[in-house]
1. Six or more apart or on different chains, Cβ under 6 Å: which pairs go from a residue in the range 302-317 that's closer than 17 Å to G364 by Cα and assigned by the TED database to the domain that holds R257 to one that's open to solvent by 40 Å² or more (accessible area, probe 1.4 Å) and more than 10 Å from ligand 1 (Cβ to nearest atom)? Could you list them?
2. Looking only at the range 335-370, how many residues end up being within 13 Å of ligand 2 (Cβ to nearest atom) and on the phi > 0 side of the Ramachandran plot?
3. Suppose we filter S383, S339 for residues that are polar (S, T, N, Q) and closer than 18 Å to L216 by Cβ; which single one remains?
4. Exactly one condition in (1) away from ligand 2 (no atom under 15 Å from the Cβ); (2) open to solvent by 10 Å² or more (accessible area, probe 1.4 Å); (3) not hydroxyl-bearing (S, T, Y) is not met by D175; state its number.
5. Kindly establish whether T373 is within 15 Å of the chain's Cα centre (by Cα) and of a type in the set (S, T, Y).
6. Of everything in the range 322-341, what is assigned to a loop (DSSP other than H, G, I, E, B), open to solvent by 30 Å² or more (accessible area, probe 1.4 Å), without any contact (Cβ under 8 Å) to a residue 40 or more places away in the chain and not acidic (D, E)? Give them in sequence order.
7. Could you go through the range 146-158 and let me know if any residue there is assigned to a helix (DSSP H, G or I) and assigned by the TED database to the domain that holds A266.
8. For the structure I just gave you, tell me whether E315 is charged (D, E, K, R), within 15 Å of ligand 1 (Cβ to nearest atom), surrounded by fewer than 24 Cβ atoms within 10 Å (Cβ to Cβ) and within 27 Å of G99 (Cα to Cα).
Amino acid sequence: MTGIEYDDFLDLEYEPTDTDLVCEFTIDPAEGMSTEAAASRVASESSNGTWAALHVDEDELTDLSAVACAIDGHEITVAYPDALFEAGSMAQILSCIAGNIMGMKAVETIRLEDCYWPEPLVSGFPGPQFGTSVAHEKLDAGDRPILATVPKPKVGLSTDAHVQIGEDAWRGGIDLLKDDENLTDQAFNPFEDRLADSLAARDRVEEDVGERKDYLVNVTAETNEMLERVDLVAEHGGGFVMVDVITCGWSAVQTVRERCERHDLAIHAHRAMHAAFDRLEHHGVSMRVLAQIARLCGVDHIHTGTAGLGKLANEDTPGINEWLTSDLYGMNPVLPVASGGLHPGVVDQLLDALGTNIIVQAGGGIHGHPDGTHAGAKALRQSVEASLEGVSLEDAADDHDELATALEKWGAE
Ligand code: CAP
Ligand code: MG
């Protein structure tokens, strides 16, 4: 017989192997508890320990214990043997590394900050089907950022009004029309009508302007319903779907990813509710880790913030974007999306901070243009083109009226 106790999971001499999943947490131990004791409990509870000392027949036990192997102030590192995990099941992995430990009394707070994913675990996931290649494979953006817009108001527009806004935006120079997150299949704007009419408008615009355009239609729903919507997008000739990945759950994302492969559809990941996990500095799951999960599950784009330039709080956008496009045993990279309070006046700073391999998405910053959506779309495209040519926005505004009006309205920061 062998004993397994909470304190058996600490070994500061342990060197993680290249098949371990290595997780970094920030913890604040419970009052009266040392960081060592709390770290050992985190490793225990997230692998094969529990609160009671266990006595197990050694012959029956496969050693799947995690090891708390480094402590630096409040930062602890835990290494998990890959055999602890079910290949290809994000739900199972998260039940370990972001499960009971998030609520255990041994810590006041705990935040999963970063993961180093070993090849055996990564190879269980498909990763993105297209990733950054959508700029060339599905659109004509070339090396410039892809431009996207979401009609506002978020909900309430009739199908006709929604489609008209999309058409105006495409004609003004936007590549992708996107549904807002809370628009799915409501009576005022039913899913299939909107899908069919938007894609018909897309075809007309493409014909007229000679640039490929597409539509990020929000298929988010209960999983079976979502699969039916994905099939409909393929039937109507769409090239993309939008999924709100946190609210619908990672297993649903994995299921949709499989169905999208059948239809060659790319997945645009919106991340509503991410802030419930990542906003608190000391507790939860970082956006960096949520983005890693999204890449493994196979989304092609994901929102990662605006490097502090927009309306929403952001965690380290450049660092997350770097991870999304870094080498991961040959897995396709994910194209990051900058969105939230953007307008033409901040595009130069945005591209300085994040580079050009991104999607720039603006809702209010296009449709709130004093001369309407078409002018707003032109202003955004003018701003991107000036930034890429190294021309200041003020100078570009001298001979671009739409940009000039946008800068007057919102300023250049
Ligand atoms: C942006 C947006 C996006 C958020 C998502 C909105 O609209 O459509 O959903 O940017 O946040 O509903 O707020 P505006 P994030 O361009 O009018 O701000 O990208 O941070 O996930
Ligand atoms: Mg939105």
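The values are calculated or read from the model by the stated rules, or taken from the named source; none is laboratory data. Only a predicted model underlies this, so the values are computations on that prediction, with no experimental measurement involved. Glycine also receives a Cβ, built like all others from the backbone with ideal geometry; neighbour counts cover every protein chain displayed. Note: areas computed on protein heavy atoms with side chains; ligands, DNA, RNA excluded. Shrake-Rupley method; radii C 1.70, N 1.55, O 1.52, S 1.80 Å.
1. Close Cβ pairs satisfying both conditions: L309/Q349.
2. 2
3. Working: S383 fails: closer than 18 Å to L216 by Cβ.
Among S383, S339, only S339 is polar (S, T, N, Q) and closer than 18 Å to L216 by Cβ.
4. (2)
5. Numbers: within 15 Å of the chain's Cα centre (by Cα): no; of a type in the set (S, T, Y): yes.
It is false that T373 is within 15 Å of the chain's Cα centre (by Cα) and of a type in the set (S, T, Y).
6. If we filter the range 322-341 for residues that are assigned to a loop (DSSP other than H, G, I, E, B), which is where we start, we get 325-334, 340-341.
Checking which are open to solvent by 30 Å² or more (accessible area, probe 1.4 Å) leaves us with 325-327, 329-330, 332-333, 341.
Next, only the ones that are without any contact (Cβ under 8 Å) to a residue 40 or more places away in the chain stay: 326-327, 330, 341.
Once the filter is applied, which keeps residues that are assigned to a loop (DSSP other than H, G, I, E, B), open to solvent by 30 Å² or more (accessible area, probe 1.4 Å), without any contact (Cβ under 8 Å) to a residue 40 or more places away in the chain and not acidic (D, E), the range 322-341 yields S326, G330, G341.
7. We begin by selecting, within the range 146-158, every residue assigned to a helix (DSSP H, G or I); these are none.
Taking every residue of the range 146-158 in turn, none turns out to be assigned to a helix (DSSP H, G or I) and assigned by the TED database to the domain that holds A266.
8. Working: charged (D, E, K, R): yes; within 15 Å of ligand 1 (Cβ to nearest atom): yes; surrounded by fewer than 24 Cβ atoms within 10 Å (Cβ to Cβ): yes; within 27 Å of G99 (Cα to Cα): yes.
Spelling it out, E315 is indeed charged (D, E, K, R), within 15 Å of ligand 1 (Cβ to nearest atom), surrounded by fewer than 24 Cβ atoms within 10 Å (Cβ to Cβ) and within 27 Å of G99 (Cα to Cα).
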